[in-house]
Amino acid sequence: MTHRIGVIGGDGIGPEVVAEALKVVDAAGVTYERTDYDLGAHRYLEDGTVLPDEVLEEWRGLDALLLGAVGDPAPGVAAPPGLVERGILLRMRFELDQYINFRPFRLPPRIDCEVIRENTEGTYAGEGGFLRKGTPHEIATQGSVNTRMGVERCVRFAFERARNSERHQLHLIHKKNVLTFAGDLWQRTFDEVAAEYPDVSTGYDHIDAACIHFVERPERYDVIVTDNLFGDILTDLGGAVAGGVGYAASANLNPARTGPSMFEPVHGTAPDIAGQQKANPIAAIVSAGLMLEFLGESDAASRVAAACERPERYSGSTSGIGDAVAAAVAS
């Protein structure tokens, strides 16, 4: 089967790590058609392009998107804050309904868990605005949007992951003692869906307690489900605890497959080392492995995961690490 994959190298080290990820996909023997898209902060600074409507429509016909990183393209060069993040990443997630952000964390023997983050609602939905901006009486509001539909489909996805995990455990992470409206919706939905999964044990932690546990007792967690903002924070912490964000992979999933899912490392653009072959491509390679799993290429995905099981064993240049992983996958 030939998969249609859109590739967005992006800014900084993005194109370098994506090149190594695709090298590994080639070594795994997966057949795909590749379409490249020149998008990111560098493109915006060149001609003002962020994400054209026609490109978004073209993406709807693809099977998957593989992204490197978007953001400041070079040291001392900056696009307006949030422009590429909201204009590319969030628009992609919202309009292609990539409502699950999936982040696995593996660092045996203590860390073996995954975080399921709601990806299209919460504080990132953009509800809010300014009143009397620029005056001494300025007001800024930022709301959190939580719908029963959005929460339930995320929670159900998490219960399915927990049902198929080795430990069959699922924790809800929120701050329901303070965020009493959103927290109540999440907890009630979680409890109601839990009744349909008697084989899954459940728990709850406040987000601040969860951050402590991630550092001190990460073995506490198997599968975690949480909202957009808390998931963003917790997964970056998880990446640091599990070896560093240079190893952190992610998937932005549309489980209904009404549009393509997007796969990306979360380490950022690192413009200070761009073009120097110093970037670690492991996170991009693992992200490509998640893409293969979602596309149904289970054998290839398993070989990529196995090759990246102990990422610390790889060293050298960006392309050198890519070559080594590709050789392990092909063997």
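Rule-based calculations on the coordinates, nothing more; no lab input. Keep in mind it's a predicted model, so treat the numbers as computed, not measured. Cβ placement follows ideal geometry from the backbone for every residue including glycine, while neighbour counts extend to all protein chains displayed.
Trypsin sites (Lys or Arg not before Pro), restricted to region 63-154: which are DSSP loop and have at most 12 other Cβ atoms within 10 Å?
On the way: sites: R86, R91, R93, R106, R110, R117, R132, K133, R148, R153; in loops: R110, R132, K133.
Answer in residue order: R110, R132, K133.
To check you understand DSSP bridge types, tell me what percent of the beta bridges within the chain (both residues inside) are antiparallel, rounded to 5.
Working: 21 of 48 bridges.
Around 45 percent of the beta bridges assigned by DSSP in the chain are antiparallel ones.
Mind checking which of G231, G40, G243 has the largest fluctuation in a GNM of the chain, springs on alpha carbons under 10 Å?
The residue with the greatest mean-square fluctuation here is G243.
So how strong a dipole does region 126-210 carry about its Cα centre when Lys and Arg Cβ are +1 and Asp and Glu Cβ are -1, to the nearest 20 debye? Walk me through the numbers before you get to the answer.
Working: 11 positive and 12 negative charges, 56 e Å.
So the dipole magnitude of region 126-210 works out to roughly 280 debye.
May I ask for the net charge around N228, where only other residues with Cβ less than 11 Å from the Cβ of N228 are counted and Lys, Arg are +1 while Asp, Glu are -1? Don't skip to the answer; put the middle values down first.
Numbers: positive: R93, R117; negative: E118, E121, D227, D232.
With Lys, Arg at +1 and Asp, Glu at -1, the neighbours total -2.
Could you tell me which of rounded, prolate or oblate describes region 150-229, using a ≥ b ≥ c as the square roots of the eigenvalues of the alpha-carbon gyration tensor, with rounded for a/c under 1.5 and, failing that, prolate when a/b is larger than b/c and oblate otherwise?
Numbers: a/c = 1.98, a/b = 1.05, b/c = 1.89.
Oblate shape, in that a/c is at least 1.5 and b/c is the bigger or equal ratio.
Trypsin sites (Lys or Arg not before Pro) within region 33-71: which are DSSP loop residues with at most 15 other Cβ atoms inside 10 Å? Please report the intermediate quantities before stating the final value.
Values: sites: R34, R43, R60; in loops: R60.
Of the trypsin sites (Lys or Arg not before Pro), the ones in loops of region 33-71 whose Cβ has at most 15 other Cβ atoms within 10 Å are R60.
Can you give the local net charge around G322? Use residues other than it whose beta-carbon is closer than 10 angstrom to its beta-carbon, Lys and Arg +1, Asp and Glu -1. All intermediate terms of the calculation are to be shown ahead of the outcome.
Numbers: positive: K23; negative: E16, E20, D323.
Around G322, the charge tally is -2.
Under 1.5 on a/c is rounded, so check that first for region 76-206, then, if it is not, pick prolate when a/b is larger than b/c and oblate when it is not; a ≥ b ≥ c are the square roots of the alpha carbon gyration tensor eigenvalues. Don't skip to the end; give the middle numbers.
Details: a/c = 2.30, a/b = 1.65, b/c = 1.39.
Prolate is the answer for region 76-206, as a/c is 1.5 or above and a/b outweighs b/c.
Which entry in [x] 76, 53, 31; [y] 90, 46, 41; [z] 54, 50, 38 matches Cα extents along the principal axes in Å derived from the coordinates of this structure?
It is the value labelled [z].
Please report the spacing between the Cα centers of region 29-105 and region 168-239 in Å, no decimals.
29 Å
Going through region 156-252, which GluC sites (Glu not before Pro) have at most 14 other Cβ atoms within 10 Å and a DSSP loop state?
Numbers: sites: E160, E166, E192, E196, E216, E219; in loops: E166, E196.
In loop regions of region 156-252 (DSSP not H, G, I, E or B), the sparsely surrounded GluC sites (Glu not before Pro) are E166, E196.
Ignoring everything except DSSP H segments at least 4 long, calculate the 222 nm mean residue ellipticity for the chain; use -39,500 (n - 2.57) per segment, divide by total residues, nearest 500. Show your work: numbers first, answer last.
Details: 11 runs with 124 residues, N = 331.
Mean residue ellipticity, 222 nm, calculated: -11500 deg cm²/dmol.
How charged is the neighbourhood of I88? Take every other residue with its Cβ under 14 Å from the Cβ of I88, and add Lys/Arg as +1 and Asp/Glu as -1.
Working: positive: R43, R86, R91, R93; negative: D11, D38, D53, D72, E85, E95, E264.
In short, -3.
Please figure out what share of the DSSP beta bridges in region 161-242 is antiparallel and state it in percent, rounded to the nearest 5.
On the way: 0 of 10 bridges.
Beta bridges within region 161-242, antiparallel portion: roughly 0 percent.
What ranking do H168, H267 get, fewest neighbouring Cβ atoms within 10 angstrom at the top?
On the way: H168 16, H267 25.
Going from least to most buried by this count: H168, H267.
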